[in-house]
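*Asks:* My questions will all concern the structure given below.
The values are calculated or read from the model by the stated rules, or taken from the named source; none is laboratory data. The structure displayed is predicted, hence computed values, not measured ones. Cβ coordinates were reconstructed from backbone atoms using ideal geometry, including for glycine residues, and neighbour counts include every protein chain displayed.
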Amino acid sequence: MTETERFRELGQQLRVDSVRASSAAGSGHPTSSMSAADLMAVLLEGGYLRWDVDQLTNPANDHLIFSKGHASPLYYSILKAAGIIDDAELSTFRQLGSRLEGHPTPRIPPTDVATGSLGQGLPIAVGIALAGRRLDRIDYRVWCLCGDSEMAEGSMWEAIEHAAFNRLSNLTAIIDVNRLGQTRETMLGWDLDRYRARAEAFGWHAITIDGHDVEAIKSAYDEVLAVTDRPTMIMAKTMKGRGVKAVEDLPGKHGKPLDNPEEAIRELGGERDLRVQLRRPDPAEPHEFAVAGGELPSWDVDEAVATRLAYGEALTALGSIRGDVVALDGEVSNSTHSELFREAHEDRYFEMFIAEQQMVAAAIGLQVRGWVPFASTFAAFLSRAYDFVRMAAISQANLRLAGSHAGVSIGEDGPSQMALEDIASFRAIHGSTVLHPSDANQTAQLVAQLADRPGISFLRLLRGKTTVRTPADEKVIIGGSRTLRDGDSVAIVACGITVDQAVAAAETLADEGIDARVIDAYSIKPIDAETIRAAARDCGAVITVEDHWPEGGLGEAVLEALAETGDRPPVHKLAVRQMPGSGKPEELLRQAGIDAEGIAAAARNLAAG
């Protein structure tokens, strides 16, 4: 059998197996898989994809990202052809308990990340390519199969711009231009010239081919290997449902198994059992960064320090202690103070500019390779990347996201810059950690602990200075809290900027004979439920106070901790309840009723009741 014949036969096998898997499941996307089968067949059989199938975690392995994750039948058919799964497992596609989920996830190695929410795979591929070029310093390649429909996503163009800016010649995007979306033709259809012009305008090397001409595909991949100064985009004209007349290039067939799979398999030439011997990569080990060592910073009690500054200093120190720590920022590093890390560890700092989706995606890509990313921007702007955060949890990714300038306490910049829903949104992420330290010493200790914390972590930081109340030698732990004042009249549970206000309110109340217990709940998820329950039991009433909307924040975390307690006392939630405007921080805190005066007034009412 000639090389060309092997390419064609493997392509047909990938189509047949895509049809078989979807038919067995009674659902799936066989037609979207069939269009890209030839592209993947040549990638495998031609030796372009380098995988050590006996060691799928080999650091020198190439990476294959299916940005069009709905083409999972094709992906799993590739794994079967490579001998990573067998035919019996292929038949479990989409079944309860199967590793072969409807869209790929890391449950099935060597899958790096979960895809399926379109527009995510290519941005994450940029992160992996950055890791290869600047951190691992290994010559692995990142191949990313994209759908033409997802080229409408803005995140794809953030990725395309960043890949070109960083000259990621180790990244290849393969665009499966099959023309048909879920409901209609895409905006560009088969206009490959316009696709090419756009790619070239962004600084990519661009190739247009017939995506079913295996010799043209091979020639394109050979061309990819010769490009050393920029990423390459291959625009391949294909047909959805290629090879089966009942579905080929027809609308209305998206996301549906074929009506007559047996006939379709016959039309494709029947079942095959070809095995591909993938090319193994040359041995290589990731680069390790030398570190000088040192200690975390600390501050004296009663100093006034912004937690965002403490973040920058702590992260910089951590970078001197650990060579695997890296930092990213969304072009506000002089506000988040991640610039301190950049100045000390420039080779481990990534400027992502005003592209929050790409920033989070790059962090996901970096952690795929075992690096420990901390990504920072204004907390409000992380909402633009929320889908990436949501999908990162499905990817079992370990991310540390730092959001500064949260709440009305930022002052004059106004509500567009005030994160007031961030705690709620991050609490809703599966397995997440949500922290809101009130002082610099807490911040430094929590930053260090987050480096080893699995899952998605969010560290909420403040623009303004707060009083250091935590002694430098006092242990601060995720899931803990600090009781700043003891009392049994009412419990005030605060976090972040409202801790100073709660202490001031308690001092005022003490002069009036009201003994308030003040708890600094710096860990919101997980919350220190034992301390909260004890305070509720001892004090008989609880006030929560937060610079956040009332929905989903500290107050609801406290209510959740008290939900199963008997004789639950009244809980009064102080939060921002009206849309704020510009003003001085103290004015806005007072307007929202979350300053010392507002807290004291609420406590008096509860104590009187």
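*Asks:* Inspect region 348-367 for any residue being buried (at least 20 other Cβ atoms within 10 Å of the Cβ) and in a loop (DSSP other than H, G, I, E, B) and give the result as yes or no.
*Replies:* yes
*Asks:* For region 55-70, check the following and say yes or no: at least one residue is surrounded by fewer than 20 Cβ atoms within 10 Å (Cβ to Cβ) and at pLDDT below 95.
*Replies:* No, region 55-70 contains no residue that is surrounded by fewer than 20 Cβ atoms within 10 Å (Cβ to Cβ) and at pLDDT below 95.
*Asks:* Somewhere in region 564-573, is a residue farther than 16 Å from D486 by Cβ and under 30 Å from the mean Cα position of the chain (by Cα)? Outline the logic, then answer.
*Replies:* Quick first cut of region 564-573, residues farther than 16 Å from D486 by Cβ only: 564-573.
From what is left, the residues that are under 30 Å from the mean Cα position of the chain (by Cα) are none.
No, region 564-573 has no match at all.
*Asks:* Moving on. From R179, R141, which residue is under 30 Å from A363 (Cβ atoms) and either polar (S, T, N, Q) or in contact (Cβ under 8 Å) with a residue 12 or more places away in the chain (or both)?
*Replies:* On the way: R179 fails: under 30 Å from A363 (Cβ atoms).
Sole residue among the options that is under 30 Å from A363 (Cβ atoms) and either polar (S, T, N, Q) or in contact (Cβ under 8 Å) with a residue 12 or more places away in the chain (or both): R141.
*Asks:* I need the strands (runs of 3 or more DSSP E) fully contained in region 497-609, keeping only those with at least 3 residues that are of a type in the set (V, I, T) and free of Cβ contacts under 8 Å to residues at least 60 places away in the same chain.
*Replies:* Working: elements: 516-520, 523-525, 542-545, 571-574.
It comes to 542-545.
*Asks:* Select from region 405-415 the residues that are surrounded by 23 or more Cβ atoms within 10 Å (Cβ to Cβ) and either at positive phi or within 18 Å of the chain's Cα centre (by Cα) (or both) and list them in ascending order.
*Replies:* Once the filter is applied, which keeps residues that are surrounded by 23 or more Cβ atoms within 10 Å (Cβ to Cβ) and either at positive phi or within 18 Å of the chain's Cα centre (by Cα) (or both), region 405-415 yields H405, G407.
*Asks:* While we're looking at this one, here's another question. Is there a residue being within 14 Å of the chain's Cα centre (by Cα), in a helix (DSSP H, G or I), hydrophobic (A, V, I, L, M, F, W, C) and crowded, with 21+ Cβ neighbours inside 10 Å anywhere in region 416-431?
*Replies:* Yes, the conditions are met somewhere in region 416-431.
*Asks:* A further question on this structure: Can you name the residue in region 21-44 that is touching a Lys or Arg at 6+ places or on another chain (Cβ under 7 Å) and surrounded by fewer than 24 Cβ atoms within 10 Å (Cβ to Cβ) and, of all such residues, is farthest from L96 (Cα to Cα)? Let's see the steps before the verdict.
*Replies:* Here is the first cut: in region 21-44, the residues touching a Lys or Arg at 6+ places or on another chain (Cβ under 7 Å) are 25, 27-28, 31-32, 34-35, 37, 42.
This time we only want the ones that are surrounded by fewer than 24 Cβ atoms within 10 Å (Cβ to Cβ), so: 25, 27.
Working: A25: 11, S27: 13 Å.
Looking at residues that are touching a Lys or Arg at 6+ places or on another chain (Cβ under 7 Å) and surrounded by fewer than 24 Cβ atoms within 10 Å (Cβ to Cβ), I get S27.
*Asks:* OK, next. When you check D249 against the structure, is it under 28 Å from K218 (Cβ atoms) and at pLDDT below 95, yes or no?
*Replies:* yes
*Asks:* Residues M156, M151: which one is in a helix (DSSP H, G or I) and touching a Leu at 6+ places or on another chain (Cβ under 7 Å)? Walk me through how you get there before you give the answer.
*Replies:* Values: M151 fails: touching a Leu at 6+ places or on another chain (Cβ under 7 Å).
From the options M156, M151, the qualifying one is M156.
*Asks:* Condition test on L225, is it surrounded by 17 or more Cβ atoms within 10 Å (Cβ to Cβ) and at pLDDT 95 or above?
*Replies:* Working: surrounded by 17 or more Cβ atoms within 10 Å (Cβ to Cβ): no; at pLDDT 95 or above: yes.
Spelling it out, it is not the case that L225 is surrounded by 17 or more Cβ atoms within 10 Å (Cβ to Cβ) and at pLDDT 95 or above.
*Asks:* Condition check: at pLDDT 95 or above, small (G, A, S), closer than 24 Å to P231 by Cβ and in a helix (DSSP H, G or I). Does A125 satisfy that? Walk me through how you get there before you give the answer.
*Replies:* Details: at pLDDT 95 or above: yes; small (G, A, S): yes; closer than 24 Å to P231 by Cβ: yes; in a helix (DSSP H, G or I): yes.
Spelling it out, A125 is indeed at pLDDT 95 or above, small (G, A, S), closer than 24 Å to P231 by Cβ and in a helix (DSSP H, G or I).
*Asks:* Taking the stated definitions as given, is R230 of a type in the set (K, R), touching a strand residue (DSSP E or B) at 6+ places or on another chain (Cβ under 8 Å) and not in a loop (DSSP other than H, G, I, E, B)?
*Replies:* On the way: of a type in the set (K, R): yes; touching a strand residue (DSSP E or B) at 6+ places or on another chain (Cβ under 8 Å): yes; not in a loop (DSSP other than H, G, I, E, B): no.
Answer is no for this residue.
*Asks:* Please name all residue pairs, on different chains or six or more residues apart, with Cβ atoms under 7 Å, provided the first residue is in region 253-271 and is assigned by TED's automatic domain parsing to the domain that holds S18 and in a loop (DSSP other than H, G, I, E, B) and the second residue is aliphatic (A, V, I, L, M) and exposed (fewer than 15 other Cβ atoms within 10 Å of the Cβ).
*Replies:* Close Cβ pairs satisfying both conditions: L258/A246; D259/A246; N260/A246.
*Asks:* Here is a further query. So, in region 287-312, how many residues would count as being outside any strand (DSSP E or B) and surrounded by fewer than 23 Cβ atoms within 10 Å (Cβ to Cβ)? Can you show your working first?
*Replies:* Initially, region 287-312 is screened for residues outside any strand (DSSP E or B), giving 287-303, 307-312.
With the extra rule that they be surrounded by fewer than 23 Cβ atoms within 10 Å (Cβ to Cβ), the set shrinks to 287-303, 309.
Qualifying residue count for the region: 18.
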